[in-house]
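Notes follow the structure.
The values are calculated or read from the model by the stated rules, or taken from the named source; none is laboratory data. In this text, all values refer to a predicted model and were calculated from it rather than measured experimentally. Glycine gets a Cβ as well: all are built from the backbone with ideal geometry, and neighbour counts include every protein chain shown.
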There are 2 protein chains.
Amino acid sequence: MDQTVPALLQHECVVFPEGLHLECGFHLAPVQVAYRTYGTLSAARDNAIVVCHALTGDQYLADTHPLTGKPGWWSRMVGPGLPIDTDRFFVICMNVLGGCMGSTGPRSPRSGGEGGSAEPWGTDFPPVTIRDMVRAQKLVVDRLGIRRLFAVVGGSMGGMQVLEWAATYPDMVFAAMPIATSPFHSAQNIAFNEVSRQAIFADPDWHGGRYWERDAVPARGLAVARMMAHITYLSEEALTRKFGRRVRRDPYGDNPLSLFGEMFEVESYLRHQGSSFVHRFDANSYLTITRAMDYFDLGTEHDGDLSRPFHGTRTRFCIVSFSSDWLFPTSQARMLARALNRAAANVSFVEIESDKGHDAFLLDEPDFDRTVRGFLSGAAEHARIG
Amino acid sequence: MDQTVPALLQHECVVFPEGLHLECGFHLAPVQVAYRTYGTLSAARDNAIVVCHALTGDQYLADTHPLTGKPGWWSRMVGPGLPIDTDRFFVICMNVLGGCMGSTGPRSPRSGGEGGSAEPWGTDFPPVTIRDMVRAQKLVVDRLGIRRLFAVVGGSMGGMQVLEWAATYPDMVFAAMPIATSPFHSAQNIAFNEVSRQAIFADPDWHGGRYWERDAVPARGLAVARMMAHITYLSEEALTRKFGRRVRRDPYGDNPLSLFGEMFEVESYLRHQGSSFVHRFDANSYLTITRAMDYFDLGTEHDGDLSRPFHGTRTRFCIVSFSSDWLFPTSQARMLARALNRAAANVSFVEIESDKGHDAFLLDEPDFDRTVRGFLSGAAEHARIG
């Protein structure tokens with residue numbers, strides 16, 4: 001085992017030729033999982049934290065993103081001395097199954113071979129679930145020789161993975177921190193995802209999902225999907241504070257409807273969000289991952305009883321919501337807290353006052369930082385690590 | 001005057017060859033306004049109510065829609081014995097300037113001639129504002145020989161027109177009922193509108209707005225725009241109650257991502273909303289009207305002071321909001337109420353408890369019906385009509 005770890009780190013991915021039997025019934029093989037680690041695994045292998053990324057996140061948690069050149073998406077949270085302290089903890093972040101940053105997904109060669117000449121899966125990629133994602137992550141954790149994770153932490157779809165980790169592998173998760181998430185995807189969120197998908201399907205460059213054959217990408221559809229989603233990540237207060245009704249000269253010069261040759265700043269911002277996104281994300285991955293989110297429902301195998309997956313759990317939970325998050329509102333976090341209470345779980349629940357909306361978990365929120373630091377420190381004391 | 005009214009009713013529109021000088025500086029001529037009336041204008045011409053329609057509404061308020069064959073959009077509110085009682089009031093509803101149901105808009109022939117061979121305005125149609133819409137409506141009201149409207153009533157963008165009527169022609173409006181609306185369009189709402197527009201622009205069948213030349217309509221882009229907008233018209237509660245996470249067999253049979261050959265009911269519903277909409281609405285009108293909404297801001301000429309347009313007003317206002325409306329939330333209605341209070345206006349403000357979201361003003365809400373009926377009856381008593 002010890003010999004393979006450096007090799008894995010060097011390649012930043014690990015291949016499982018035996019693959020994975022997916023929930024849909026399909027056997028996907030091989031399965032490759034791309035990952036990054038931060039900090040040092042202790043000799044007792046007891047200080048590992050898995051951080052799960054959200055819909056459009058990836059494993060580049062705390063180092064420079066290889067495509068955008070920007071700091072990792074949680075570099076303000078994960079690092080030496082930071083709330084998720086890499087001087088103390090060994091942090092693993094893995095690209096989800098179905099993703100497009102190295103883990104097996106719609107862009108992977110269908111043959112799975114090393115030749116690279118085989119065509120990609122595209123929309124033939126089997127549907128995956130949040131549980132499939134977690135099971136792929138567990139393969140890596142097992143390979144690293146880690147028998148118990150100190151903690152699993154994640155926001156939004158990352159929080160769904162945290163819950164699935166705790167429900168599927170209760171003995172492997174000492175502490176769990178689901179942030180800005182829900183025990184099931186709501187009708188409204190399914191609706192938003194469906195509009196995203198329809199925007200991609202509507203783009204002629206989608207070519208039925210086989211855009212690579214035409215050397216095309218459905219950039220306009222994917223940009224529309226991202227723009228819409230981006231609104232849902234913010235709050236009315238945040239948009240008003242950042243942009244209000246301010247106008248600027250139309251930098252695109254292409255708006256035939258402009259009243260005075262101007263556009264609203266919020267429009268310009270959204271267009272930028274849309275166009276920069278398409279350079280780093282694959283449309284078929286977007287379709288696959290949004291579908292996985294839609295299918296997420298912890299109660300589905302238990303007649304809707306959300307407490308059942310957690311009966312007998314010894315995991316310590318800390319649920320976090322943000323007051324202005326309307327995509328994963330506090331009411332859904334509270335539903336989760338009540339379910340865990342019914343399961344007699346060890347659970348704390350914190351609603352952070354913030355006007356930044358769903359994205360607050362990625363932004364500068366000192367109360368949130370303190371909550372993460374405090375929960376992990378307290379749990380570490382109980383786990384007698386560090 | 002009396003001779004022209006039947007002719008107008010027969011044609012259901014009135015043409016103003018002299019046209020209108022728009023706020024953008026463009027002189028639009030001729031201007032045609034399509035309208036429907038319900039009830040009978042009293043001999044004193046003192047019982048007229050203008051009902052203003054929302055973004056995708058039209059003048060077919062209370063009779064069968066000529067395109068969809070469905071009842072008018074407010075047929076449950078307007079009619080004999082109904083809250084807006086046509087046994088008592090003469091109701092006028094006009095298609096907005098920029099619309100696509102008979103009033104001058106992007107689909108109108110550019111020449112304005114009767115020949116009909118001239119090509120449509122398309123995206124060369126000048127940008128219009130909510131005030132331009134109201135000024136076009138006033139031409140019709142003048143033509144009908146009505147010197148003072150008993151009331152102006154409308155929801156959503158219709159409510160913006162109500163406010164603009166009261167601000168621009170204070171002596172012509174005895175009572176005003178702005179419903180589910182705001183004194184300015186918020187950054188979040190501008191953002192949603194911008195995504196709608198980008199979805200239309202992204203459709204290759206848009207052809208730069210000249211789709212009629214290719215015998216095409218940007219149906220996919222317009223459907224995506226409508227689907228997204230439709231989510232904003234509802235509430236999470238309403239979506240959960242109507243659809244929850246229920247699935248059904250995929251009636252489209254075209255979903256490569258389906259996990260079990262099923263789709264969520266909310267997806268099927270949204271697709272239906274999108275596809276039925278494109279048969280009755282013009283994409284360039286959608287662009288023009290959303291832009292008019294975005295530019296709406298009562299404070300714009302008054303350093304942001306929303307009370308200034310109403311100083312000295314004698315109009316009686318009744319502002320209505322709905323508790324679950326997150327597109328035009330109660331907070332915005334309250335801002336309007338405060339502005340009217342500062343202007344020492346006669347104003348009442350009612351928040352209706354409802355879980356139906358923004359669309360509540362179109363749906364069965366007995367408390368809302370009572371509010372409309374009560375306000376109009378009380379105002380009619382003060383106006384000594386009926």
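Structural remarks
- If the condition is being under 22 Å from B:Glu236 (Cα atoms), touching a residue at least 24 places away in the same chain (Cβ under 8 Å) and in contact with a strand residue (DSSP E or B) (Cβ under 8 Å, 6 or more places away or on another chain), then segment A:333-352 contributes A:Ala333, A:Leu336, A:Glu351, A:Ile352.
Yes/no matrix, rows are residues, columns are (1) surrounded by fewer than 15 Cβ atoms within 10 Å (Cβ to Cβ); (2) β-branched (Val, Ile, Thr); (3) within 20 Å of B:Arg148 (Cβ to Cβ):
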site	(1), (2), (3)
B:Thr313	no, yes, yes
B:Cys318	no, no, yes
B:Asp325	no, no, no
B:His358	no, no, no
B:Ser377	yes, no, yes
B:His382	yes, no, yes
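- Selection status of A:Ser196, at pLDDT 95 or above and either hydrophobic (A, V, I, L, M, F, W, C) or over 20 Å from A:Trp74 (Cα atoms) (or both): yes
- None of B:Leu257, B:Leu270 is touching a Pro at 6+ places or on another chain (Cβ under 7 Å), outside the structural domain of B:Pro127 (by TED's automatic domain parsing) and at pLDDT below 95 except B:Leu257.
- Residue selected from segment A:269-305 under the condition at the interface with chain B (Cβ under 9 Å from one of its Cβ atoms) and over 23 Å from A:Arg131 (Cβ atoms), by the criterion surrounded by the most Cβ atoms within 10 Å (Cβ to Cβ): A:Leu270
- Taking helices (runs of 4 or more DSSP H) as the structural unit, those lying wholly within segment B:151-246 and holding at least 1 residues that are more than 12 Å from chain A (Cβ to nearest Cβ), surrounded by 21 or more Cβ atoms within 10 Å (Cβ to Cβ) and among the charged types (D, E, K, R) correspond to B:157-168.
- Of residues in segment B:195-221 being touching a Gly at 6+ places or on another chain (Cβ under 8 Å), among the hydrophobic types (A, V, I, L, M, F, W, C) and in contact (Cβ under 8 Å) with a residue 60 or more places away in the chain, the one nearest to A:Phe192 (Cα to Cα): B:Ile200
- In segment B:355-378, the residues that are of a type outside the set (A, V, I, L, M, F, W, C) and either in a helix (DSSP H, G or I) or not assigned by TED's automatic domain parsing to the domain that holds B:Val152 (or both): B:His358, B:Asp359, B:Pro366, B:Asp367, B:Asp369, B:Arg370, B:Thr371, B:Arg373, B:Gly374, B:Ser377, B:Gly378
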